[in-house]
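Asker: One structure, as structure tokens, below. Some questions next.
The values are calculated or read from the model by the stated rules, or taken from the named source; none is laboratory data. Computed from a predicted model, the values in this text were never measured in an experiment. Ideal geometry is used to build each Cβ from the backbone, glycine not excepted, and the neighbour counts take in all protein chains shown. Areas reflect the complete protein model, heavy atoms only, side chains present, ligands, DNA and RNA absent. Shrake-Rupley method; radii C 1.70, N 1.55, O 1.52, S 1.80 Å.
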Amino acid sequence: MRSSPKQPHRFKRLTVIGGLAAALSFGTVSAAAGGVQVQGPPGPDLTAAAPAATSTLLPDYDSEIVGQFDSVNSVNHIRHLAVDIGPRLNGTPQEREGAEYIGGVLKSYGFEVTLQSWGPVSTKRVAKVTSSDADLPGGPNWQMAASTSGKFTGDTGVKGQVVDAKTGQSDAEFPADTAGNIVLMDYSTTAAVRNTAVANAVSHGAIAVILAYPTGNSAPPSFTLTTPQPEIPVIGGGSAHNTWIRDLLAKGPLTLTIATNEYVTPMGTNVIGIRHAVGDPTGTTAPIVMVGAHIDSVLGAPGAHDDASGNGVSLEIARTLSRYPLDKELRIGGFGGEEGGLLGAKAYVNTLTAEEKARFVGEWQMDMVGTPYEPARLWALTPDGQSNYVVQEAYNAAARFGFDGLRNCRLGQSDHQAFFDAGIPSSLFIWLDYRPPASPAVCGPTGGTYVTEPQYHRPTDTMDNISPERLQTTLDVVGGAVAHNALNAVTVSAISDAGQPLVGAPVRADCGNGPRNLGTTGADGRLKAVFPHVKCDFTVTVEGAVATERRVSISGDQAVKVTVDVTKPTISLTRPTDGAVYTLGKDTDASYRCKDNLSGVATCVGTVRDGRRLDTSTVGFHEFTVNAADRAGNTADQKVTYQVVYRWHAYFPETMNGKAGSAVPIKFSLDGYHGTGVFAPGYPASQQVTCDTGKPTGAAEPIRNPGHSGVSYKDGQYNYVWKTDKSWSHTCRRLQLKLDDGSSHFTTIRLK
Ligand code: BES
Ligand code: ZN
């Protein structure tokens with residue numbers, strides 16, 4: 001919604017009305033016809049002065065950065081974590097490999113990287129299942145649960161063909177070639193059934209046993225056997241593993257390698273990438289903007305969505321921001337052990353000093369940030385169900401880029417809880433089918449419920465559970481908020497030279513790579529924009545007036561003031577003044593000055609240059625113009641009219657007596673001979689006047705016989721013979737001699 005400006009800047013068109021300068025002399029009136037108005041130029045052509053098409057301008061930094069986010073890069077990171085590395089159970093080498101991968105990427109972006117080991121955590125027993133001859137669905141690295149009742153083979157493992165022994169409850173279910181091979185059987189929830197199945201497999205010469213859930217959507221089960229089988233690995237698979245193996249066996253032989261390991265009270269791993277702020281290389285003062293995701297996945301799950309996706313988005317944010325010098329400290333956290341109870345995040349938060357915590361702007365936690373599962377939506381979930389700075393900034397970023405699908409409600413259950421508990425504003429960003437409480441209950445005290453996608457915490461949480469489109473939305477919203485906060489918040493105030501806020505004025509900044517369009521100032525004459533650590537020229541344009549604040553160093557949140565000279569330059573024209581009268585050939589110089597208090601005079605151009613001779617070479621009215629422009633682009637002009645006249649001398653009196661019908665000689669000189677066409681058209685003319693007062697009583701009549709001037713020149717004098725009419729007897733008449741220099745001369749005659 002737009003509000004109307006309180007104090008809009010208005011531009012007054014200057015109108016200077018020059019006084020009518022009428023020079024009066026005895027018997028002579030010399031004046032320009034009518035008053036002369038010297039006024040400003042017509043309003044400037046705003047279309048011509050308008051900024052160049054915005055398509056030629058760079059966008060603001062918010063838009064520029066968001067425009068660089070590419071979910072393809074995120075997908076590649078997710079693939080490396082979920083497919084190449086595979087399941088990353090807390091405390092296993094894969095969790096550490098994940099941390100090392102993330103750390104390596106961050107290092108390549110110039111981050112200072114620390115791997116944090118913390119723990120110990122509970123003992124983990126896992127099987128890594130790979131194949132030398134099949135493309136395993138869901139990825140080349142399956143993870144199953146290794147039973148303590150079986151053998152731990154170490155990384156080498158055992159390799160063999162897989163045979164299907166169904167439930168493994170009778171000899172008939174075991175194929176003839178069971179000996180020397182890996183036996184797949186259904187996992188039973190009854191311990192006695194499981195024990196029989198494994199014992200039967202061992203007696204048939206199995207080199208490894210897989211008990212996998214036959215139905216449902218089950219995760220790999222961890223189990224023990226009443227009868228330990230220390231000679232062979234015994235492992236539990238999820239229902240997807242069961243289906244996948246049986247589908248592969250239907251097509252032909254399948255070779256698997258099973259490597260079981262027991263990691264006794266291992267350490268968990270976090271990776272922390274820090275990009276220090278310019279000017280704070282040791283990280284003591286700069287505000288901290290942090291994004292986080294968890295590296296680990298639950299047992300058996302590749303964790304593509306939960307939560308390789310979060311790291312994929314973090315790394316793309318890191319890549320993009322690493323191209324800008326920043327005055328904020330950027331931290332990227334990859335936390336281990338989230339699935340074990342937010343262990344890594346809690347360990348990390350515990351390492352923060354009070355001073356460090358105080359520097360946090362916020363922590364944007366991403367966990368499950370792009371499943372194609374249709375009912376999922378993007379949520380900003382906080383432990384208390386209240387919005388906070390991190391949530392609000394995500395909403396603002398969403399609004400900047402036209403995404404209105406973000407919602408806020410209550411949930412812990414991820415690493416943001418650890419930051420929340422430490423008093424750091426944080427939120428979980430998650431694509432989830434979250435259902436807020438029914439009204440009148442509200443998110444704050446109550447919270448909602450949720451339904452996860454079917455792949456959640458399952459071996460099927462693979463690349464198929466990744467939506468590049470939704471990752472892109474997360475990049476735009478979360479990445480957009482993080483970028484906005486990692487840059488400097490700059491308030492540009494545009495004010496006129498008179499101190500008024502300039503409303504709706506376009507603002508641009510050139511920070512070394514061309515002008516950027518920052519938008520227009522609001523009702524308070526201000527505009528907010530974000531900048532990296534740069535030097536910029538800020539330009540404000542107002543109806544053709546331009547002001548540039550040059551080489552402004554942006555090195556933190558700050559204000560920039562741009563004062564725009566919206567005042568026209570002034571012109572003081574001392575010669576010629578309006579209505580000035582000069583005799584023909586007079587040697588007189590033009591004299592004028594232009595002045596501009598703020599931006600200064602750019603041009604000041606008169607009809608002739610200041611100090612040069614005025615043109616007095618021809619009689620009549622002459623225009624003189626001065627055009628001025630200031631450096632801001634404001635223009636002014638002043639126009640006057642001066643008159644050049646003959647040097648007049650009358651050899652006739654002002655009043656005389658005569659006889660009607662007689663010819664009256666009228667003699668005058670003009671300082672030399674100027675031809676016989678010295679009268680203005682229609683002149684001389686005569687007019688009856690009242691003898692007492694001299695007031696005209698009739699219309700002026702041009703003298704007859706036009707074409708014949710009736711004027712002659714001799715010995716430096718003009719002689720005009722005025723033929724009076726007999727019918728004028730006993731009247732008074734005034735003769736007007738108007739010359740082609742615009743001057744008029746009179747004489748009145750009383751006729752007998
Ligand atoms: N990615 C989940 C978070 C989550 C929350 C998923 C709500 C779906 C709905 C996270 O990795 C996780 O599984 N968290 C645990 C809790 C944690 C404290 C062990 C969970 O939600 O069970
Ligand atoms: Zn998770």
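Asker: Being open to solvent by 40 Å² or more (accessible area, probe 1.4 Å) and of a type in the set (Phe, Trp, Tyr) is the filter here; which residues of segment 620-641 pass it?
Answerer: Selection gives PHE621 alone.
Asker: Report whether or not TYR592 is assigned to a strand (DSSP E or B), aromatic (Phe, Trp, Tyr) and in contact with a Lys or Arg (Cβ under 9 Å, 6 or more places away or on another chain).
Answerer: Values: assigned to a strand (DSSP E or B): yes; aromatic (Phe, Trp, Tyr): yes; in contact with a Lys or Arg (Cβ under 9 Å, 6 or more places away or on another chain): yes.
Judged against the criteria, TYR592 is a match.
Asker: When the residues of segment 459-479 are narrowed to those that are in a loop (DSSP other than H, G, I, E, B) and away from ligand 1 (no atom under 12 Å from the Cβ), which ends up most open to solvent (accessible area, probe 1.4 Å)? Can you show your working first?
Answerer: Kept after step one, since they are in a loop (DSSP other than H, G, I, E, B), are these residues of segment 459-479: 459-462, 466-467.
From what is left, the residues that are away from ligand 1 (no atom under 12 Å from the Cβ) are 459-460, 462, 466-467.
On the way: PRO459: 5, THR460: 40, THR462: 16, ILE466: 16, SER467: 10 Å².
For segment 459-479, the residue satisfying everything is THR460.
Asker: Which numbered condition trips up GLY279, out of (1) modelled with pLDDT of 95 or more; (2) open to solvent by 70 Å² or more (accessible area, probe 1.4 Å); (3) within 26 Å of the chain's Cα centre (by Cα)?
Answerer: Among (1) modelled with pLDDT of 95 or more; (2) open to solvent by 70 Å² or more (accessible area, probe 1.4 Å); (3) within 26 Å of the chain's Cα centre (by Cα), the lone unmet condition for GLY279 is (1).
Asker: Here is a list: LEU573, LEU527, LEU518. Which entry is crowded, with 20+ Cβ neighbours inside 10 Å and free of Cβ contacts under 8 Å to residues at least 40 places away in the same chain?
Answerer: LEU527
Asker: Looking at the structure I just gave you, is GLY585 farther than 30 Å from ALA498 by Cβ, at pLDDT 95 or above and not β-branched (Val, Ile, Thr)?
Answerer: Criteria met by GLY585.
Asker: What strands (runs of 3 or more DSSP E), lying completely within segment 74-155, carry at least 2 residues that are touching a strand residue (DSSP E or B) at 6+ places or on another chain (Cβ under 6 Å) and basic (Lys, Arg)?
Answerer: Those strands (runs of 3 or more DSSP E) span 124-130.
Asker: Same structure again: Enumerate the strands (runs of 3 or more DSSP E) found wholly within segment 404-458, keeping only those where 3 or more residues are within 12 Å of ligand 1 (Cβ to nearest atom). So that I can check it myself, show each step before the final result.
Answerer: Details: elements: 407-410, 426-435, 449-451.
In segment 404-458, the matching strands (runs of 3 or more DSSP E) lie at 426-435, 449-451.
Asker: Here's something else I'd like to know. With of a type in the set (S, T, N, Q) and touching a Leu at 6+ places or on another chain (Cβ under 9 Å) as the only criterion, which of SER218, SER131, SER170 stands out?
Answerer: SER131
Asker: I would also like to ask the following. Could you grab me the full set of residues in segment 248-267 that are hydrophobic (A, V, I, L, M, F, W, C) and open to solvent by less than 40 Å² (accessible area, probe 1.4 Å)?
Answerer: Matches in segment 248-267: LEU248, LEU254, LEU256, ILE258, ALA259.
Asker: Something else about it: Which residues, taken from segment 495-515, are within 29 Å of GLY279 (Cα to Cα), part of a strand (DSSP E or B) and open to solvent by less than 40 Å² (accessible area, probe 1.4 Å)?
Answerer: The answer is VAL507, ALA509.
Asker: I'd like to check something: does segment 292-312 contain any residue that is more than 16 Å from ligand 2 (Cβ to nearest atom) and in contact with a strand residue (DSSP E or B) (Cβ under 6 Å, 6 or more places away or on another chain)?
Answerer: There is no residue in segment 292-312 that is more than 16 Å from ligand 2 (Cβ to nearest atom) and in contact with a strand residue (DSSP E or B) (Cβ under 6 Å, 6 or more places away or on another chain).
Asker: Tell me, please, whether a residue that is under 21 Å from the mean Cα position of the chain (by Cα), closer than 20 Å to VAL361 by Cβ and either within 16 Å of ligand 2 (Cβ to nearest atom) or not hydrophobic (A, V, I, L, M, F, W, C) (or both) can be found in segment 397-415.
Answerer: yes
Asker: On the given criteria, is ARG733 of a type outside the set (Val, Ile, Thr), surrounded by fewer than 20 Cβ atoms within 10 Å (Cβ to Cβ), in a strand (DSSP E or B) and in contact (Cβ under 8 Å) with a residue 12 or more places away in the chain?
Answerer: It is false that ARG733 is of a type outside the set (Val, Ile, Thr), surrounded by fewer than 20 Cβ atoms within 10 Å (Cβ to Cβ), in a strand (DSSP E or B) and in contact (Cβ under 8 Å) with a residue 12 or more places away in the chain.
Asker: Same structure, new question: With the checklist (1) within 30 Å of ASP741 (Cα to Cα); (2) in contact with a helix residue (DSSP H, G or I) (Cβ under 8 Å, 6 or more places away or on another chain) in hand, flag the one item ASP589 doesn't pass.
Answerer: Failed condition: (2).
Asker: Can you name every residue in segment 337-380 that is under 18 Å from PHE420 (Cα atoms), within 12 Å of ligand 2 (Cβ to nearest atom) and under 33 Å from the mean Cα position of the chain (by Cα)?
Answerer: GLN365, MET366, ASP367 - these are the residues of segment 337-380 that are under 18 Å from PHE420 (Cα atoms), within 12 Å of ligand 2 (Cβ to nearest atom) and under 33 Å from the mean Cα position of the chain (by Cα).
Asker: Next up: For HIS674, work out the one condition from (1) touching a strand residue (DSSP E or B) at 6+ places or on another chain (Cβ under 7 Å); (2) more than 30 Å from THR541 (Cα to Cα) it doesn't fulfil.
Answerer: (1)
Asker: Could you list all residues from segment 81-112 that are open to solvent by 50 Å² or more (accessible area, probe 1.4 Å) and over 30 Å from VAL278 (Cβ atoms)?
Answerer: Scanning segment 81-112 gives ASP84, PRO93, ARG96, GLU97.
Asker: Another question about this same structure. Evaluate segment 256-273: report whether one residue or more is at positive phi, under 44 Å from the mean Cα position of the chain (by Cα) and touching a residue at least 40 places away in the same chain (Cβ under 8 Å). Break it down stepwise before answering.
Answerer: Within segment 256-273, the subset at positive phi is 265.
From the residues that got through so far, the ones that are under 44 Å from the mean Cα position of the chain (by Cα) too are none.
No, segment 256-273 contains no residue that is at positive phi, under 44 Å from the mean Cα position of the chain (by Cα) and touching a residue at least 40 places away in the same chain (Cβ under 8 Å).
Asker: Could you figure out which of (1) open to solvent by 20 Å² or more (accessible area, probe 1.4 Å); (2) of a type in the set (Gly, Ala, Ser); (3) assigned to a strand (DSSP E or B) isn't true of ALA547?
Answerer: Against the list (1) open to solvent by 20 Å² or more (accessible area, probe 1.4 Å); (2) of a type in the set (Gly, Ala, Ser); (3) assigned to a strand (DSSP E or B), ALA547 comes up short only on (1).
Table: residues versus (1) surrounded by fewer than 22 Cβ atoms within 10 Å (Cβ to Cβ); (2) not polar (S, T, N, Q).
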{"position": "GLY160", "(1), (2)": "yes, yes"}
{"position": "GLU173", "(1), (2)": "yes, yes"}
{"position": "ALA179", "(1), (2)": "yes, yes"}
{"position": "ILE182", "(1), (2)": "no, yes"}
{"position": "THR190", "(1), (2)": "yes, no"}
{"position": "THR196", "(1), (2)": "yes, no"}
{"position": "GLY205", "(1), (2)": "yes, yes"}
{"position": "PHE223", "(1), (2)": "yes, yes"}
{"position": "VAL234", "(1), (2)": "no, yes"}
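Asker: Quick check on my filter: what residues within segment 343-377 are out of contact with any Leu (no Cβ under 8 Å at 6 or more places or on another chain), aliphatic (A, V, I, L, M) and more than 19 Å from GLU95 (Cβ to Cβ)?
Answerer: Across segment 343-377, the qualifying residues are LEU352, ALA354, ALA358, VAL361.
Asker: Name the single residue, out of those in segment 113-155 being of a type in the set (Val, Ile, Thr) and within 18 Å of SER222 (Cα to Cα), that is most open to solvent (accessible area, probe 1.4 Å).
Answerer: So in segment 113-155, the residues of a type in the set (Val, Ile, Thr) come out as 113-114, 121, 123, 126, 129-130, 148, 153.
Applying the additional criterion that residues be within 18 Å of SER222 (Cα to Cα) yields 121, 123, 126, 129, 148, 153.
Details: VAL121: 15, THR123: 40, VAL126: 8, VAL129: 0, THR148: 66, THR153: 33 Å².
Per the stated criteria, the residue is THR148.
Asker: Which condition number in (1) of a type in the set (S, T, N, Q); (2) away from ligand 2 (no atom under 16 Å from the Cβ); (3) buried (at least 24 other Cβ atoms within 10 Å of the Cβ) is the one that ASN270 fails?
Answerer: (2)
Asker: Going by what's in this entry, would THR353 be described as more than 16 Å from ligand 1 (Cβ to nearest atom), modelled with pLDDT of 95 or more and over 21 Å from THR474 (Cβ atoms)?
Answerer: For THR353, the condition - more than 16 Å from ligand 1 (Cβ to nearest atom), modelled with pLDDT of 95 or more and over 21 Å from THR474 (Cβ atoms) - is met.
Asker: Continuing with the same structure: Condition test on ALA219, is it open to solvent by 10 Å² or more (accessible area, probe 1.4 Å), within 16 Å of ligand 1 (Cβ to nearest atom), assigned to a loop (DSSP other than H, G, I, E, B) and of a type in the set (Gly, Ala, Ser)?
Answerer: Yes, satisfied.
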